[in-house]
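Following: one structure in structure tokens, then a few remarks.
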Amino acid sequence: MDISQLWTELIQTDEHSRLEAKPGNEIGNPVMQTICAYANTDGLNGGYILIGVEEDKTSPSGYVIAGVKNPDQIQNEIVTQCISKFNVIIRPEIQVGILQDKTVIGVYIPESEPGDKPIYMRKQGMNKGTYIRVGSTDQVCTEGELVRFLQKKNARPYDETVLPQTSLSDIDPKALQEYRKLRKKKTPHASELDYSDEDLLNALHCVDIIDGIPKPTIAGLLLFGTDAVLRRYFSMMRFDYVRVKGREWGGSRDESSYYSIELRESLLTLLPKAEAAIMDDIERELSFPPGRLTREEKPVIPYDVIREILVNAVMHRDYQTPSPTLVIRFTDRIEFHNPGYSLKPLDKIGTPGSTARNQTIASVLNETEYAENKGSGIAKVQRKMVEAQLPPPMFDSSKTENTFVVTLSLHQLMDETALRWLNQFHDFGLSGDEARILVYAKQYGSVSNENCRNLTSYDTAKSSSLLTRLRSMGILNQHSHGSATYYTIPENYLESEPENSLVTQIRTQDTQMDKENNPESALVTQIRTQDTQIQNEQTSQREYGSESDERAILLQSLPKTLQKEILSLGQRMTPEKREEMLLKVCRIHPFTAAEVGILFRNTRHWAKNVLRELVYSGKIFLTIPDKPQSKNQAYYVSHDAGQTNINEWK
């Protein structure tokens, strides 16, 4: 425990789920409630209390160090009350330090073992005296939360419960066969592959012996059960996929505005079908990977992201709640709705370590490589989304409603509309990361320190500094709510879209930030200097005869002199040469971004970025100007001065 570091964290991030500030005059019920909450909250790993610090709204940091006048007495009171106030003795770690020439006390409260929970204040009793942390607050446990504490304390995990009326005949051989196939793929010589079906189920904790007869557990039925037994006992434990034509849920809809798929079968056979249902609806982009002669189709959202979020949904959901796992595909996003709040605090999602609600199900899915076994899956999702130049996933967890929602955006942050909007900040000297933070705040209504960390890979302190700089410039408003502090765009900046371009300025500064802080960031790469992008991505020149059929067809649509000029291009073009070639190509006839990428041996993303610059400068026009994001969008050069409509093109 470092008291100085705790103080620095407090003034930079405010109070949060693992840090609380208290005055140093006495140890009353508020301190004891926080201690109780730290000891109880699952997956929090305890928390810290900084005693001798008071809130002060007039201070820039929001806090002042008041100090502790009698540190020995305060330490004594903490230890004594931790022994006498609760149903179980709590052993705090206490350290005394000096900050600004005043005495301050740091207290660490470890999380209690599951067998000791719930910890409650004797005088109030279990129903009213059991506290948990919710954000930066201490909340009395609900009845449902108390039930879960007691289940963990007194009984085996829910998914290891046996349903007496079931038998091995309720196990689907096809699901067992799928497990063996996946297990062999991951570990070809795993010993359990030689077991009989019954011995295998026993080894996986999917059956229990009752009066000498093997009976499937809930985990065994969910993982390997037949359709009949799942319908009989888990009729609502299904997977629903809904495709909505629009951005909102609800209201009157005709049958053509949406469709849905319902799946109810064992998890081992359900997962690949659910993946396919989601992936089939995700738009593909064409690109030429370095060293490849043929083009490659890549989904807008990486496959690994969909699989990880889907597997987490079925692995960590609350199977005691009779409702389906629901995935909704809107035009601009995909939402995963799950019964069962996150056992891990939201600000800890993506950090090492995992807390399993369904231990047996999680163990089996880990053995088949469906799931990460070190809690690294969400961190992988966050990284993959950034690499795909998409906003990081958004998480929402509610203990009150017992729900967990993950939202994945289908649209890049830095699109044409965002870059036009950023033009108004030309004189502020924004870095690329600062530009992204502003676009995120505009698109989602607000931005927090956690959002900033996910977008930039900065730590808490550096993210706080970035947000503070934007606030000091007057282009972010701060809304202080402890650990839930967030920032919004002032109203006067929300709609403006001036014509002068900020793009070049952001690219130049972003390259400097990128080298220093985040060399591999794909979001930064999106608005990096185009020359650097070409150097990294463009494949070596090849002879015309070895090009793919797609490129050959596109080249044949151009005059021979232009064909030769394209084929003679080196590995790197100057910005001037690149603009010259694009204008020549698009003057012949309209081309899509994918086609431009193929012609110049580059990616569709590269083509969209360089084409949008020419659109802004008025040198190239859109064939579908009212729908800039249309998948059928193409780009052309006007033949006549003042002609800006494709219908006038000759």
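The values are calculated or read from the model by the stated rules, or taken from the named source; none is laboratory data. This structure is a prediction, so every number in the text was calculated from the model and none was measured. Glycine gets a Cβ as well: all are built from the backbone with ideal geometry, and neighbour counts include every protein chain shown. Accessible surface is based on the protein model in full, side chains and every heavy atom, while ligands, DNA and RNA are left aside. Shrake-Rupley method; radii C 1.70, N 1.55, O 1.52, S 1.80 Å.
Within region 558-570, the set of residues being of a type in the set (S, T, N, Q) and exposed (fewer than 14 other Cβ atoms within 10 Å of the Cβ) comprises Thr561, Ser568.
So that you can scan it fast, the table gives a plain yes or no per residue for (1) β-branched (Val, Ile, Thr); (2) under 26 Å from Val162 (Cβ atoms); (3) at pLDDT below 85:
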position	(1), (2), (3)
His316	no, yes, no
Thr321	yes, yes, no
Ile328	yes, no, no
Asn338	no, yes, no
Ser342	no, no, no
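On inspection, Tyr258 passes the criterion of being among the aromatic types (Phe, Trp, Tyr) and modelled with pLDDT under 90.
Per the listing Glu595, Glu580, Glu648, the residue uniquely under 26 Å from Glu416 (Cα atoms), of a type outside the set (A, V, I, L, M), loosely packed, with under 14 Cβ neighbours inside 10 Å and at pLDDT 80 or above is Glu580. Taking residues in region 308-324 that are in contact (Cβ under 8 Å) with a residue 12 or more places away in the chain, and partners anywhere that are surrounded by fewer than 20 Cβ atoms within 10 Å (Cβ to Cβ) and aliphatic (A, V, I, L, M), the pairs with Cβ atoms closer than 7 Å and at least 6 places apart or on different chains are Pro322/Met236; Ser323/Met236; Pro324/Met236. Take Gly67 and decide whether it is open to solvent by less than 30 Å² (accessible area, probe 1.4 Å), on the phi > 0 side of the Ramachandran plot and within 30 Å of the chain's Cα centre (by Cα). It is false that Gly67 is open to solvent by less than 30 Å² (accessible area, probe 1.4 Å), on the phi > 0 side of the Ramachandran plot and within 30 Å of the chain's Cα centre (by Cα). For region 127-142, check the following and say yes or no: at least one residue is open to solvent by 20 Å² or more (accessible area, probe 1.4 Å), of a type in the set (Gly, Ala, Ser) and assigned to a helix (DSSP H, G or I). So far as region 127-142 goes, no, none of its residues is open to solvent by 20 Å² or more (accessible area, probe 1.4 Å), of a type in the set (Gly, Ala, Ser) and assigned to a helix (DSSP H, G or I).
Within this structure, Arg357 fails the test of being more than 17 Å from Pro392 (Cβ to Cβ), of a type in the set (Lys, Arg) and at pLDDT 85 or above.
When region 591-627 is filtered for residues that are aromatic (Phe, Trp, Tyr) and either without any contact (Cβ under 8 Å) to a residue 40 or more places away in the chain or at positive phi (or both), only Phe621 remains. Scanning region 41-58 for residues that are in a loop (DSSP other than H, G, I, E, B) and touching a residue at least 60 places away in the same chain (Cβ under 8 Å) turns up Thr41, Asp42, Gly43, Leu44, Asn45, Gly46.
Yes or no, residue by residue, for (1) in contact (Cβ under 8 Å) with a residue 24 or more places away in the chain; (2) out of contact with any strand residue (DSSP E or B) (no Cβ under 8 Å at 6 or more places or on another chain); (3) assigned to a helix (DSSP H, G or I):
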{"site": "Leu6", "(1), (2), (3)": "yes, no, yes"}
{"site": "Pro60", "(1), (2), (3)": "no, yes, no"}
{"site": "Glu77", "(1), (2), (3)": "yes, yes, yes"}
{"site": "Gln81", "(1), (2), (3)": "yes, yes, yes"}
{"site": "Gln95", "(1), (2), (3)": "yes, no, no"}
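The sole residue among Arg357, Arg307 that is charged (D, E, K, R) and more than 25 Å from Thr187 (Cα to Cα) is Arg357.
Scanning region 102-125 for residues that are surrounded by fewer than 16 Cβ atoms within 10 Å (Cβ to Cβ) and within 31 Å of the chain's Cα centre (by Cα) yields a total of 3.
Residues of region 71-101 that are among the hydroxyl-bearing types (Ser, Thr, Tyr) and open to solvent by 70 Å² or more (accessible area, probe 1.4 Å): Thr80 alone. Considering every residue within region 616-629, establish whether at least one is out of contact with any Lys or Arg (no Cβ under 9 Å at 6 or more places or on another chain) and part of a helix (DSSP H, G or I). Within region 616-629 (the criterion being out of contact with any Lys or Arg (no Cβ under 9 Å at 6 or more places or on another chain) and part of a helix (DSSP H, G or I)), the answer is no, since none of the residues qualifies. Considering region 160-205, the residues that are assigned to a helix (DSSP H, G or I) and acidic (Asp, Glu) include one that is surrounded by the fewest Cβ atoms within 10 Å (Cβ to Cβ), namely Asp194. If you take the residues in region 399-427 that are within 30 Å of Thr142 (Cα to Cα) and of a type in the set (Ser, Thr, Tyr), which one is most open to solvent (accessible area, probe 1.4 Å)? Across region 399-427, the extreme among qualifying residues is Thr400. Only one of the numbered conditions (1) touching a residue at least 60 places away in the same chain (Cβ under 8 Å); (2) within 26 Å of Lys273 (Cβ to Cβ) is violated by Asn366, and that is (1).
Report, by residue number, each residue of region 579-603 that is more than 36 Å from the chain's Cα centre (by Cα) and part of a helix (DSSP H, G or I). Listed by number, the residues that qualify are Glu579, Glu580, Met581, Leu582, Leu583, Lys584, Val585, Cys586, Arg587, Ile588. Of the set (1) out of contact with any Leu (no Cβ under 8 Å at 6 or more places or on another chain); (2) open to solvent by 40 Å² or more (accessible area, probe 1.4 Å), all apply to Tyr48 but (1).
Here Ile209 meets each of (1) open to solvent by less than 60 Å² (accessible area, probe 1.4 Å); (2) among the hydrophobic types (A, V, I, L, M, F, W, C); (3) not in a helix (DSSP H, G or I) with one exception, condition (1). If we scan region 523-542, do we find a residue that is more than 27 Å from Ile301 (Cβ to Cβ), open to solvent by 50 Å² or more (accessible area, probe 1.4 Å), outside any loop (DSSP other than H, G, I, E, B) and at pLDDT below 85? Yes, there is a match, as at least one residue in region 523-542 is more than 27 Å from Ile301 (Cβ to Cβ), open to solvent by 50 Å² or more (accessible area, probe 1.4 Å), outside any loop (DSSP other than H, G, I, E, B) and at pLDDT below 85. For region 438-479, taking the residues that are of a type in the set (A, V, I, L, M, F, W, C) and surrounded by fewer than 18 Cβ atoms within 10 Å (Cβ to Cβ), the one that is nearest to the chain's Cα centre (by Cα) is identified as Ala461. When you scan region 468-479, how many residues do you find that are more than 14 Å from Val439 (Cβ to Cβ) and either assigned to a helix (DSSP H, G or I) or in contact with a Gly (Cβ under 8 Å, 6 or more places away or on another chain) (or both)? So the answer is 4. Among the numbered conditions (1) touching a residue at least 24 places away in the same chain (Cβ under 8 Å); (2) more than 34 Å from the chain's Cα centre (by Cα), the only one that Gly144 does not meet is (2). Per the conditions (1) of a type outside the set (Asp, Glu); (2) surrounded by fewer than 21 Cβ atoms within 10 Å (Cβ to Cβ); (3) assigned to a helix (DSSP H, G or I), the sole criterion not satisfied by Val610 is (2).
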